[in-house]
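Data first, discussion second: the structure below is written as structure tokens.
We did not get these values from a lab; they are worked out from the coordinates using the rules stated. Small disclaimer: the values here were computed from a predicted structure and weren't measured. Here the Cβ is made from the backbone with ideal geometry for all residues, glycine too, and neighbour counts use every protein chain on show.
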């Protein structure tokens, strides 16, 4: 991944582990989603405010490649880059790397769309944000 447009650090909590002592696969989606929300807030995009205007940013596709597990108390960073795909899709390229060794844990592609009154619209028209690695 080129230099990340956005980074957010986390630490694994014990209740996120499964019986094998590693982070449960479903928890990684929570990490990815929280990082996307923080990224959007850093761009002054507020989900609640948009929803009040009948504009919703929704996920239409998730692809996750699990490379290695995280364990209790591991620190890690979620890195994000974005791009437009066609006129309507926003692609979030996300990587989770363990700190301090930089080992790639997750490589994910999340595709989102912007809906206004339930119909797809150009994300930059609804949010005012240009999405190419911003």
The residues 61, 119, 89, sorted from fewest to most surrounding Cβ atoms within 10 Å, come out as 119, 61, 89
Assertion target for 70, 88, ordered by fewest C-beta neighbours within 10 angstrom first, is 88, 70
Final fewest-first order of 62, 12, 23 on the 10 Å Cβ neighbour count is 62, 12, 23
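For the pair residue 41 and residue 99, what calculated FRET efficiency results from E = 1/(1 + (r/R0)^6), where r is the Cβ-Cβ distance and R0 = 25 Å, to the nearest 0.05?
Details: r = 22 Å, r/R0 = 0.89.
Computed FRET efficiency for residue 99 and residue 41: 0.65.
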Once both label points are put 7 Å beyond Cα along the C-beta direction, the residue 24-residue 67 separation in nm becomes 2.5
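Write down the Kirkwood hydrodynamic radius of region 13-134, to one decimal in angstroms, obtained as one divided by the mean of 1/r over all alpha carbon pairs.
On the way: mean 1/r = 0.0649 Å⁻¹.
The Cα-based Kirkwood calculation yields 15.4 Å.
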Note: residue 111 to residue 14 extended length (0.36 nm per residue) minus current alpha-carbon separation gives 32.0 nm
Per the rule of 0.36 nm per residue minus the C-alpha distance, extending residue 75 to residue 54 adds in nm 3.8 nm
Nearest 10, in degrees from 0 to 90: the angle of helix 25-42 to the longest Cα principal axis of the chain is 50
Expected unfolding gain across residue 33-residue 87 under the 0.36 nm per residue rule, minus the alpha-carbon gap, is 17.2 nm
